[in-house]
Amino acid sequence: MDVVLFARSLRAMIALVDRCPDTRFVLDHLGKPEIRARRQEPWASEVAELALRPNVACKLSGLTTEADRHRWVVDDLRPYVEHALSVFGAERILYGSDWPVVDLAGGLRRWLTAVEKLLDPLPARARTAIFGDNAERIYEI
């Protein structure tokens, strides 16, 4: 079950996941952190708590619309992506385009290029997992 919510609702998602331990959840857009405001808390702590549940994965998508839509740069997104990688690990993160909404904040090509830069330090196997293998496994496709 994909869940789209703003960061202020992460606590409610934690409660939902705890009530449904046999349901597989995917947190879309990394929980929509407040990138434009450069705010990491309480988002970071709540995402870390959510990641403790093995039935939860997250989708690397929708971040550019949470940043300054016209002036974002890769480094604006970096702390949020690095945090998600540190708490979920590459095996529970899925790439998402967020198309057509991504067109509001630079477009698909710019987003994909940013994600490739952000994931470049990872081993090739981890990048392959994030860009496709994890989705196949998690969505059973």
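What the table shows:
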{"quantity": "Candidates 21, 79, 33, 54, filtered to the one that is surrounded by 14 or more Cβ atoms within 10 Å (Cβ to Cβ) and assigned to a loop (DSSP other than H, G, I, E, B)", "calculated": "33"}
{"quantity": "Test result for residue 121, loosely packed, with under 13 Cβ neighbours inside 10 Å, under 22 Å from residue 13 (Cα atoms) and free of Cβ contacts under 8 Å to residues at least 24 places away in the same chain", "calculated": "no"}
{"quantity": "Cβ-Cβ under 8 Å pairs, at least 6 apart or on other chains, region 60-87 side within 21 Å of residue 129 (Cα to Cα), far side of a type in the set (Gly, Ala, Ser) and in a loop (DSSP other than H, G, I, E, B)", "calculated": "60/96; 61/96; 61/97; 62/96; 77/67"}
{"quantity": "Which listed residue, of 91, 66, 82, is among the charged types (D, E, K, R), touching a Lys or Arg at 6+ places or on another chain (Cβ under 8 Å) and within 25 Å of residue 10 (Cα to Cα)", "calculated": "66"}
{"quantity": "Scope region 88-118; condition touching a residue at least 12 places away in the same chain (Cβ under 8 Å), within 23 Å of residue 42 (Cα to Cα) and either part of a loop (DSSP other than H, G, I, E, B) or small (Gly, Ala, Ser) (or both); matching residues", "calculated": "90"}
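Quick note: the coordinates plus some simple rules give every number you see, no bench work behind them. None of these values were measured; they are calculated from a predicted model. Note: ideal-geometry Cβ built from the backbone for every residue, glycine included; neighbour counts use all protein chains shown.
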